[in-house]
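Right, one structure below, let's go through it.
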Amino acid sequence: MHSTNGKLKTGLIIVAAVVAIGGTIFGSTYLGNRLLNQKATGTSQTCASDHPVNHKVVIQNDVVTPKNTVASLCDTLTITDLDNKERLMAFGVHSGHVPYDGVEEKALSKGQSLTITLVQAGNFLFHDHEQDEVRGTFTVHAKQD
Ligand SMILES: [Cu+2]
């Protein structure tokens, strides 16, 4: 009787210890990831304003309007193809595309649009990879103190 009780107690203690250790590892990993995510979000997206603006650019008759968009971090930019042709919108210069907001190239047919969030400050280029004279720029300003 005594020895069975003893074994049972030891077993319960081991189970409790495993659960506790497992919980601690899971908990700290989870919290660590959350903190890392917050830090990454904080550095890459310090919004310039509490009210993001959607900037619209249209492509019609092979002309990009407006040619340059001036915006702030966290605003969005929507590029719409109004021409009756398939376009492959790309970011960066024609010879070396550079993804913006995770988008490197996006096919647009008539009436279709592409929206990106302005997650990075600076001056950027976009163009139609099929017709590279169809191009525009956008300037993203960071938060100003
Ligand atoms: Cu290109």
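The values are calculated or read from the model by the stated rules, or taken from the named source; none is laboratory data. All values reported here derive from a predicted model rather than from experimental measurement. We place every Cβ from the backbone using ideal geometry, glycine too, and count neighbours over all the protein chains shown.
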Completion exercise
Note on GLU104: of the conditions (1) in contact with a Leu (Cβ under 6 Å, 6 or more places away or on another chain); (2) more than 21 Å from ASN54 (Cβ to Cβ), unmet is (1)
Practice task
From VAL140, VAL119, grab the single residue that is part of a strand (DSSP E or B) and in contact (Cβ under 8 Å) with a residue 60 or more places away in the chain.
Solution key: VAL140
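Okay, residues lined up against (1) in a strand (DSSP E or B); (2) touching a residue at least 60 places away in the same chain (Cβ under 8 Å); (3) under 15 Å from the mean Cα position of the chain (by Cα):
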{"residue": "ALA71", "(1), (2), (3)": "yes, yes, no"}
{"residue": "CYS74", "(1), (2), (3)": "no, no, yes"}
{"residue": "LEU77", "(1), (2), (3)": "yes, yes, yes"}
{"residue": "THR80", "(1), (2), (3)": "yes, no, no"}
{"residue": "ASP83", "(1), (2), (3)": "no, no, no"}
{"residue": "LEU88", "(1), (2), (3)": "yes, no, no"}
{"residue": "GLY92", "(1), (2), (3)": "yes, no, no"}
{"residue": "ALA107", "(1), (2), (3)": "yes, no, no"}
Handout entry: Whichever residue in the range 91-105 is more than 8 Å from the ligand (Cβ to nearest atom) and of a type in the set (Val, Ile, Thr) and, among such residues, is surrounded by the fewest Cβ atoms within 10 Å (Cβ to Cβ)
Key = VAL98
Exercise for the section: Report yes if some residue within the range 96-103 is under 18 Å from HIS141 (Cβ atoms), within 17 Å of the chain's Cα centre (by Cα) and of a type in the set (Gly, Ala, Ser); otherwise report no. Expected result: no
Problem - Residue, surrounded by the fewest Cβ atoms within 10 Å (Cβ to Cβ), within the range 115-145, restricted to residues that are aromatic (Phe, Trp, Tyr) and within 16 Å of the ligand (Cβ to nearest atom) - result: PHE124
Handout entry: Check on SER44, at pLDDT below 95, among the hydroxyl-bearing types (Ser, Thr, Tyr) and over 17 Å from the mean Cα position of the chain (by Cα)
Key = no
Practice task
Report yes if some residue within the range 70-84 is touching a strand residue (DSSP E or B) at 6+ places or on another chain (Cβ under 9 Å), within 16 Å of the ligand (Cβ to nearest atom) and at pLDDT 95 or above; otherwise report no.
Solution key: yes
